[in-house]
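For reference, the structure is listed below as structure tokens.
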Amino acid sequence: LHNAYRALDFRDEEVVFDRLAQSLSGEILARVYLEMRRGLRLENQGGARVRVRDVSLSGLSAEEATAPGTLRYQARWTVTCTVGHWGHTPLRTNAYEALVTLAQFDARWTIAELEILDEERVVQAQP
């Protein structure tokens, strides 16, 4: 997960794809790459720029695999990032819960499927 989010730090589309391919495979690799590519185009047209600051796993439990040779987990994590737009860069944290399926691809385990079960923005307490 951390490596996939870190791909947001790069602007060159080839580097983004190569970074994602280290952690994702199959249909999810293509889907995430195309979503990030669309985001890069919007950024180049004056849209928001996201910089990931932290990815923290907060829960993980094994689930029954749905295909031979795979591992499946229910995972919970948070992502903290800055979102630069309109001259300021607020800090934002989102929490996720998903079913994550891992499969071996080129002799390493990669995320082959990701089914988001819940996503919410975490409101930070103001000092």
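The values are calculated or read from the model by the stated rules, or taken from the named source; none is laboratory data. Source: prediction; values computed, not measured. So basically every Cβ, Gly included, is an ideal-geometry build from the backbone, and we count neighbours across all protein chains shown. Heavy atoms of the whole protein, side chains included, go into the accessibility calculation; ligands, DNA and RNA do not. Shrake-Rupley method; radii C 1.70, N 1.55, O 1.52, S 1.80 Å.
Worth a mention:
- Percent RCO, i.e. relative contact order, over the chain, from Cα pairs under 8 Å lying at least 6 residues apart: 21 percent
- Sorted on the mean count of surrounding Cβ atoms within 10 Å across their residues, most packed first, peptides 113-122, 70-79 read 70-79, 113-122.
- Sites residue 38 and residue 14 - FRET efficiency at Förster radius 22 Å, r taken between beta-carbons, to 0.05: 0.85
- Inter-label distance, nm, simple model (7 Å from Cα along the C-beta direction), residue 89/residue 108: 2.8 nm
- Computed helical MRE - 222 nm, the chain, DSSP H runs ≥ 4 contributing -39500 (n - 2.57), nearest 500: -7500 deg cm²/dmol
- In Å², nearest 10: area of residue 105 left accessible to a 1.4 Å probe: 100 Å²
- Our estimate of slack between residue 60 and residue 2, defined as 0.36 nm per intervening residue step minus the Cα-Cα distance, is 19.4 nm.
- Top positive-direction residue, dipole computed over the chain with Cβ charges, set 56, 111, 81: 81
- Folded to 0 to 90 degrees: helix 27-44 orientation relative to the chain principal axis, Cα: 10 degrees
- Computed log₁₀ I(q)/I(0) - Debye formula, equal Cα scatterers, no solvent, the chain, q 0.18, 0.19 Å⁻¹: -1.06, -1.16
- For segment 71-115, the Kirkwood hydrodynamic radius from C-alpha pairs, put into Stokes-Einstein at 4 °C and a viscosity of 1.567 mPa s, yields a diffusion coefficient of 102 µm² per second.
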